[in-house]
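Asker: One structure, pasted below without further comment.
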Amino acid sequence: MTFILESGYAFWNPLIWLIAFAVVMVVVYFFRRRGKKEYKKDTAQTRIFLCGEEVPEAEQRHIRVGNIYWGFFETLKEYYNQVLRPHTGIINDYILWFVAITAISAIILLIAGLAK
Amino acid sequence: MSLKAFKRALWVYHLNTGSCNGCDIEILAVLTPRYDVERFGIKLVGSPRHADVLLVTGPVVKQMVPRVKRIYEQIPDPKLVMVVGNCGTEGGVFYESYSLAGPIDQIIPVDVYVPGCPPRPEAIIHGVVMAWVKLEKLVKQEVT
């Protein structure tokens, strides 16, 4: 069993990937083993270095990815205000929407079927 | 003088606490091809987490005090502090200024002083070697 998958133009062999992965892991382990071991855990030596500044909490120092879309949201503000209103996050509301839409669709299909 | 115990390269983190940049220029001169301390394995690093020696210049203005302490605490043990220049050693021309909290040995423990305004590159290299010797002793103490 060679495990080789050939497409006619190229081939793919999981064994090569496994060997490459093993080699990378050995290299990573080698560098990790040569790292400093003298540091004291749970002290300032393991905290983030920010040029000597006090590092704020994660919520304060991270910029939410949503900020990238500020202009997009600002332009479509009216649309989002309408769309966000039904998105309450409560599963009962979503089920109610599902049941209501299903019922309306069923009625429309029924009427359309009768009209034929 | 033999350097045997400390087998790794000596990595230095440079911190300016309000220096006029005179000492900093001399520190850079130490790294230029004329003196080239990197051939001895001595080099500046960008993070105290990688450093063995904290090299401080400047008389320590009040706003720098928490930063100096924080950076000192972030260097892994064993570590040494080296002061370059008159300002860090005893205040220099800024002695008794209203904005100073230094000199540095009033804030963190200092192991090596390199006086001068600014000190010559040879003096700085000599200071680093003194720090290296002291660091070796610390490493040996930790091993035994």
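Asker: Pick out, in residue order, every one of the GluC sites (Glu not before Pro) in segment B:39-144 that is DSSP loop and has at most 15 other C-beta atoms within 10 Å; say none if there are none. Don't jump to the answer; show the numbers that get you there.
Answerer: Working: sites: B:GLU73, B:GLU90, B:GLU96, B:GLU122, B:GLU136, B:GLU142; in loops: B:GLU96.
Hits after loop and neighbour filter: B:GLU96.
Asker: Okay, next question. With all protein chains present and a 1.4 Å probe, how do B:SER47, A:SER7 order by accessible area, largest first?
Answerer: Numbers: B:SER47 20, A:SER7 80 Å².
Final ranking, largest accessible area leading: A:SER7, B:SER47.
Asker: Work out how much length A:ILE19 to A:PHE98 would gain on full extension: take 0.36 nm times their residue separation and subtract the Cα-Cα distance, in nm to one decimal. Don't skip to the answer; put the middle values down first.
Answerer: Values: separation 79, 0.36 × 79 = 28.44 nm, distance 5.02 nm.
Stretched out fully, the A:ILE19 to A:PHE98 stretch lengthens by 23.4 nm.
Asker: If you don't mind, there's one more thing I want to ask. Which value, in debye to the nearest 20, gives the size of the charge dipole of segment A:1-102 about its Cα centre, when Lys and Arg are +1 and Asp and Glu are -1 at the Cβ?
Answerer: Values: 12 positive and 10 negative charges, 139 e Å.
In total the dipole reaches around 660 debye.
Asker: Starting from segment A:2-94, pick out the chymotrypsin sites (Phe, Trp or Tyr not before Pro) whose DSSP state is loop and whose Cβ has at most 16 other Cβ atoms within 10 Å. List each step's numbers first, then the result.
Answerer: Working: sites: A:PHE3, A:TYR9, A:PHE11, A:TRP12, A:TRP17, A:PHE21, A:TYR29, A:PHE30, A:PHE31, A:TYR39, A:PHE49, A:TYR69, A:TRP70, A:PHE72, A:PHE73, A:TYR79, A:TYR80, A:TYR94; in loops: A:PHE3, A:TYR9, A:TYR39, A:PHE49.
When the chymotrypsin sites (Phe, Trp or Tyr not before Pro) of segment A:2-94 are filtered for loop state and at most 16 Cβ neighbours within 10 Å, A:PHE3, A:TYR9, A:TYR39 remain.
Asker: Just grab the label-to-label distance for A:ARG33 and B:VAL133, each label 7 Å out from Cα along the Cβ direction, in nm (one decimal).
Answerer: That separation, rounded to one decimal, is 3.5 nm.
Asker: Using a Förster radius of 45 Å, what is the FRET efficiency between A:ILE108 and A:HIS62 based on their Cβ-Cβ separation? Nearest 0.05, please.
Answerer: Numbers: r = 47 Å, r/R0 = 1.04.
About 0.45, to the nearest 0.05.
Asker: Hey, what number do you get for the protein assembly as shown at 222 nm if only DSSP H runs of n ≥ 4 count, each worth -39500 (n - 2.57), divided across all residues, to the nearest 500? Before the final figure, lay out the partial values.
Answerer: Numbers: 9 runs with 111 residues, N = 260.
Calculated from helices alone, the mean residue ellipticity at 222 nm is -13500 deg cm²/dmol.
Asker: Would you tally the net charge around B:VAL56, using a Cβ to Cβ cut-off of less than 15 Å, leaving B:VAL56 out, and scoring K and R as +1, D and E as -1? List each step's numbers first, then the result.
Answerer: Numbers: positive: B:ARG67, B:LYS69, B:ARG70, B:LYS79; negative: B:ASP24, B:GLU26, B:ASP52, B:GLU73, B:GLU90, B:ASP105, B:ASP111.
Computed value for this residue: -3.
Asker: Something else: Output the 0 to 90 degree angle, nearest 10, between the alpha-carbon long axis of helix A:14-33 and the longest principal axis computed from the alpha carbons of chain A.
Answerer: 60 degrees
Asker: May I pose another question? Give me a single rounded figure for A:27-40: the average over its residues of other chain Cβ atoms within 10 Å of their Cβ.
Answerer: Working: counts 0, 0, 0, 0, 0, 0, 0, 1, 1, 8, 1, 7, 5, 3.
That average works out to 2.
Asker: Here is the link list: A:LYS40/B:LYS62; B:LYS62/B:LYS134; A:LYS37/B:LYS140; A:LYS40/B:LYS69; A:LYS36/B:LYS62; A:LYS41/B:LYS134. Which ones come out longer than 22 Å on Cα distance? Show your work: numbers first, answer last.
Answerer: Numbers: A:LYS40/B:LYS62 28 Å; B:LYS62/B:LYS134 29 Å; A:LYS37/B:LYS140 15 Å; A:LYS40/B:LYS69 16 Å; A:LYS36/B:LYS62 32 Å; A:LYS41/B:LYS134 24 Å.
Flagged as over cut-off: A:LYS40/B:LYS62; B:LYS62/B:LYS134; A:LYS36/B:LYS62; A:LYS41/B:LYS134.
Asker: Under a GNM of chain B (C-alpha, springs under 10 Å), which listed residue has the highest mean-square fluctuation: B:ILE27, B:ILE124, B:ILE71?
Answerer: Residue with maximal mean-square fluctuation among B:ILE27, B:ILE124, B:ILE71: B:ILE71.
Asker: Once you order the gyration tensor axes a ≥ b ≥ c over the Cα atoms, which shape class does segment B:101-144 get: rounded for a/c under 1.5, otherwise prolate or oblate by comparing a/b with b/c?
Answerer: Numbers: a/c = 5.78, a/b = 1.39, b/c = 4.16.
Taking the square roots of the gyration eigenvalues as a ≥ b ≥ c, segment B:101-144 is oblate.
Asker: What is the extension gain from B:LEU28 to B:GLN141, computed as 0.36 nm multiplied by their sequence separation minus the C-alpha to C-alpha distance, in nm to one decimal?
Answerer: Numbers: separation 113, 0.36 × 113 = 40.68 nm, distance 3.23 nm.
Taking 0.36 nm per residue and subtracting the Cα distance, the gain is 37.5 nm.
Asker: Determine how large the accessible area of A:ILE108 is when every protein chain is in place; take a 1.4 Å probe and give Å² rounded to the nearest 10.
Answerer: Probe radius 1.4 Å; accessible area of A:ILE108 about 100 Å².
Asker: In whole Å, what three semi-axes, largest first, describe the equivalent ellipsoid of chain B built from its Cα gyration tensor (square root of 5 times each eigenvalue)? Don't skip to the end; give the middle numbers.
Answerer: Values: eigenvalues 116, 63, 32 Å².
The three semi-axes for chain B are 24, 18, 13 Å.
Asker: Which number comes out as Rg/Rh for the protein assembly as shown once both Rg and the Kirkwood Rh are worked out on C-alpha atoms?
Answerer: Numbers: Rg = 31.3 Å, Rh = 24.3 Å.
Ratio of gyration radius to Kirkwood radius: 1.29.
Asker: Continuing with this model, one more query. I'd like the mean, over residues of B:113-121, of how many other protein chain beta carbons sit within 10 Å of each residue's own Cβ.
Answerer: On the way: counts 0, 0, 0, 0, 0, 0, 0, 0, 0.
Partner Cβ neighbours, averaged per residue: 0.
Asker: Answer rounded, prolate or oblate for segment B:23-102, using the Cα gyration tensor with square roots of eigenvalues a ≥ b ≥ c: rounded when a/c is under 1.5, else prolate when a/b is larger than b/c, else oblate. Display every interim value, and only then the final one.
Answerer: Working: a/c = 2.79, a/b = 1.35, b/c = 2.06.
It comes out oblate by the Cα gyration axes.
Asker: Provide B:MET130, B:MET82, A:MET25, B:MET64 ordered by accessible surface of protein heavy atoms (probe 1.4 Å), highest first.
Answerer: On the way: B:MET130 75, B:MET82 0, A:MET25 95, B:MET64 40 Å².
The ranking, largest first, comes out as A:MET25, B:MET130, B:MET64, B:MET82.
The values are calculated or read from the model by the stated rules, or taken from the named source; none is laboratory data. Keep in mind that what you see is a predicted model, and the values were worked out from it rather than measured. Don't worry about glycine lacking a Cβ; one is built from the backbone with ideal geometry, like all the others, and counts go over all protein chains shown. These area figures cover heavy atoms from the full protein model, side chains too; ligands, DNA and RNA do not enter into them. Shrake-Rupley method; radii C 1.70, N 1.55, O 1.52, S 1.80 Å.
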